[in-house]
1. Under 9 Å by Cβ, and 6 or more places apart or on different chains, what pairs join a residue from the stretch 181-195 that is within 15 Å of PHE90 (Cβ to Cβ) with one that is aromatic (Phe, Trp, Tyr) and open to solvent by 10 Å² or more (accessible area, probe 1.4 Å)?
2. For the stretch 161-239, give me every one of the strands (runs of 3 or more DSSP E) that falls completely inside it and has 1 or more residues that are open to solvent by 20 Å² or more (accessible area, probe 1.4 Å).
3. Being in contact with a Phe, Trp or Tyr (Cβ under 6 Å, 6 or more places away or on another chain) and closer than 17 Å to GLU118 by Cβ is the filter; apply it to the stretch 154-186 and report the residue that is nearest to ligand 1 (Cβ to nearest atom).
4. Would you check which residues across the stretch 2-11 are open to solvent by 10 Å² or more (accessible area, probe 1.4 Å) and either under 22 Å from the mean Cα position of the chain (by Cα) or under 26 Å from GLN102 (Cβ atoms) (or both) and list them?
5. Considering each of GLY208, GLY243, GLY154, GLY231 in turn, give the residue that is modelled with pLDDT of 95 or more, under 30 Å from PHE57 (Cβ atoms) and more than 17 Å from the chain's Cα centre (by Cα).
6. Check HIS92, HIS70, HIS108 and return the single one that is in a helix (DSSP H, G or I) and in contact (Cβ under 8 Å) with a residue 12 or more places away in the chain.
7. So for the stretch 134-153 (the condition being within 14 Å of ligand 1 (Cβ to nearest atom) and either of a type in the set (Ser, Thr, Tyr) or open to solvent by less than 20 Å² (accessible area, probe 1.4 Å) (or both)), does at least one residue qualify?
Amino acid sequence: MTAPVPEEFLRRFARAERVVAFTGAGVSAESGVPTFRGAEGIWKKFKPEELATMSAFLRSPELVWEWYSHRKRIIAEIEPNPGHHALARFEHLFPHFALITQNIDNLHRRSGSRTVYELHGNIERNYCVKCGAPFSNAVVLRASGVPRCDRCGGTVRPDVVWFGESLPEEQWDLSLRAAQSAEVFLSIGTSGVVYPAASLPLQAKRSGAYLVEINPEPTPLTDVADLFLQGRSGEILPALLEGVERIRSAESRGME
Ligand code: BV8
Ligand code: ZN
């Protein structure tokens, strides 16, 4: 059973104007997306350097494509969960709200979030490594074997950030700026081991944000956080939403 959210924090949260949510694989766990480091985690079965690096792609594009096609098909079958939906609502509740994600599963957008900073790319997008031409999943999943560009014959790859590759500059700059100006920073469902993404909660704390962690397990961030909400994001995020709406409607009634 998830512990109730402290009322004192709900009042602070309901008054906040600049809120940032930072998500990892844990926010999609309740939708059925396997996490990376959990018991059934992806990295238990495969080594990241074997599949999520350019050298792996150059060594065996077939193996890397087989793995991403498998994940594309899983993700196409699943739905966002109440955690994703609550975050989509937050965008309408706070004047300055930013959603920063490490997830490539596109579930935030599918749940209605409009401003999503994708630090590690998106599994719904693909592009030609030679001419940069974009390709949809519908096209690449029809290809037998490694998809080829029909313009220049180049190899097509998923538009995700592999280990050793730099993050998309604009997404990183927007995320850093949002983290450094946040009043409340929520770190949700991430083990905080992949950099530079994992430095964002610390940047926010250093810039004066009230740092909240939502995770069923403690992580390296837990000791730094101002508040640790131990539990599943699919339960805690709707509770935060309900709390903010309750407090705000009570206040507006009070003003009547
Ligand atoms: C780069 C896309 C250099 C692909 C991904 C500094 C120190 C040490 C190492 C480095 C460093 N700087 C760089 C490195 C190397 C490396 C790195 O960080 N390695 C780690 C492993 C040590 N970083 C890089 O290579 C980065 N690039 O540095 O380039 C550079 C610089 C300049 C110029 C050129 C090059 C690129 C990293 C991005 C890699 N791509 N994904 C794909 O997915 O296939 S990373 C991928 O793994 C995810 O995107 C995510 O970031 C990460 C997984 O972490 P989480 O999302 O946190 O998931 P995890 O399973 O670990 O944890 C889930 C959590 O949820 C758990 O805590 C669990 O308890 C919780 N949970 C479970 N259920 C629930 C829940 N929470 C809430 N509710 C629930 N129901
Ligand atoms: Zn091409």
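The values are calculated or read from the model by the stated rules, or taken from the named source; none is laboratory data. Bear in mind that the values here come from a model prediction, so they are computed numbers and not experimental data. Backbone-built Cβ (ideal geometry, glycine too); neighbour counts: all protein chains shown. Protein only, heavy atoms only, side chains kept; ligands, DNA and RNA dropped before computing areas. Shrake-Rupley method; radii C 1.70, N 1.55, O 1.52, S 1.80 Å.
1. ALA182/TYR210; GLU183/TYR210; VAL184/TYR210; PHE185/TYR210
2. 210-215, 227-230
3. The selected residue is PRO158.
4. Matches in the stretch 2-11: THR2, ALA3, VAL5.
5. GLY154
6. Among HIS92, HIS70, HIS108, only HIS108 is in a helix (DSSP H, G or I) and in contact (Cβ under 8 Å) with a residue 12 or more places away in the chain.
7. Looking for residues that are within 14 Å of ligand 1 (Cβ to nearest atom) and either of a type in the set (Ser, Thr, Tyr) or open to solvent by less than 20 Å² (accessible area, probe 1.4 Å) (or both), one finds none in the stretch 134-153, hence no.
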